[in-house]
Amino acid sequence: AGFNSIEAIAVASPGELVAAAEVGEATASKIIAGAREVADVGGFETGDRILERRRLVGKINTGSKNLNELLGGGMETQSIMELYGEFGSGKTQVAHQMAVNVQLPSEMGGLHGSVIIIDTENTFRPERIAQMVKGLPPSPDGQERDPADFLKNISVARAFNSNHQILLAESAMEMAEKAKDSDYPVRLIIVDSVTAHFRAEYVGRGTLANRQQKLNKHLHDLMRFGDLNNALILVTNQVMAKPDTFFGDPTKPVGGHVLGHTATFRLYLRKSKGEKRIARLVDSPNLPDGEAVFTVTTEGVKD
Ligand code: ADP
Ligand code: MG
């Protein structure tokens, strides 16, 4: 039923288990409690244990030094990075670049990891990956890179609606479990865009609570994916016009408080002159807010 490890059961909610395994609520709670004891997750942890897990956090080079600096060295695993901005601001481009860079060896700022992409807008382009691979700095051992090798480590699924999107996130868990001891464990999951289907399907005020509940579940599935696989969760989000703004930027991300509170980092992307893009770090647990300028070129994300 999609629970492939003791850890997955340990962090499930009784409701999820009731639905998946056709057991009663009390039984589900007992199963979860048992799994928590075995898996040793889900309770209080002392700070030194958390520090130990944090030591495993990997940072992925974005391709731009400015952007890396803004993010304290790169995009972090075990966290949700939300990219939001208008159409054409570079969200999908950055996502493609991360799908390339996560595969690089550590001396080049990668994690030697593979990638799962949930594509809701049909904007994944293998040709773009190939261009970005060609645009990488030379490899330390002087070897030529074959874009096909990179494409092999990127698994893409198109989500046709929000329910399908939720299901794909669940199957991603199975895939990652299988790849765990392989050469390229999954270190990045991309959902581009995480909100588009939800936004299109749930229109009108009466459906808002239902939408937010579903989105909340989806985001928590993703968060769990990141924790269990030491992976970065990279999601993109659209902005909507905020008609009541007279001063400042009249746009804000969709997804409401659910996404705002679940994302670990929020990066607001804006288009500037030509290839230039401005990224603003809006929310971070341990970094100051700030801005960085980077470019989107044919070779990919650069300074
Ligand atoms: P969104 O934020 O809507 O996902 P994208 O990430 O798709 O936007 O950004 C699209 C922009 O990326 C284009 O307008 C263009 O500026 C740039 N771009 C896309 N492909 C290329 C390319 N092959 N070479 C250079 N720039 C590109
Ligand atoms: Mg896009």
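The values are calculated or read from the model by the stated rules, or taken from the named source; none is laboratory data. Everything numeric in this text was worked out from a predicted model, so none of it was measured. Methodologically, a virtual Cβ is constructed for each residue, glycine included, from the backbone with ideal geometry; neighbour enumeration extends over all protein chains shown. Surface accessibility is based on the protein's heavy atoms, side chains included, excluding ligands, DNA and RNA. Shrake-Rupley method; radii C 1.70, N 1.55, O 1.52, S 1.80 Å.
Observations
- Total formal charge among the other residues, if their Cβ is under 15 angstrom from that of residue 146, Lys/Arg +1 and Asp/Glu -1: -1
- Highest to lowest packing among 3-11, 205-213, scored as the average C-beta count within 10 Å: 3-11, 205-213
- Accessible area per residue was computed with a 1.4 Å probe on protein heavy atoms; residue 220 scores about 90 Å².
- Under 23 Å from the Cα of residue 273 - lysines, other chains or at least 8 residues apart: 65, 91, 252, 302
- Take 222-233, 168-179 and order them by the average number of nearby Cβ atoms within 10 Å per residue, most first; the result is 222-233, 168-179.
- Relative contact order (percent, whole number), the chain, Cα cutoff 8 Å, 6+ residue spacing: 24
- Anisotropy class of the range 143-291 from Cα gyration tensor, a/c 1.5 cut: oblate
- Of 55, 187, 36, the residue with the greatest mean-square motion in the GNM of the chain, using alpha carbon springs below 10 Å, is 55.
- Cα point-scatterer Debye curve for the chain, base-10 log of I(q)/I(0) at q = 0.14 Å⁻¹: -1.10
- For the range 268-274, the Karplus equation 6.51 cos²θ - 1.76 cosθ + 1.60, evaluated at θ = phi - 60°, returns couplings of 9, 9, 10, 7, 10, 5, x Hz by residue, with Gly and Pro reported as x.
- Distance between the range 163-191 and the range 125-151 - C-alpha centres, whole angstrom: 23
- With the highest mean first, a sort of the peptides 121-130, 85-94 on other beta-carbon atoms found within 10 angstrom per residue produces 85-94, 121-130.
- For a label point 7 Å along the Cα-to-beta-carbon line of residue 160, residues of the range 197-227 with backbone N under 19 Å: 197-202
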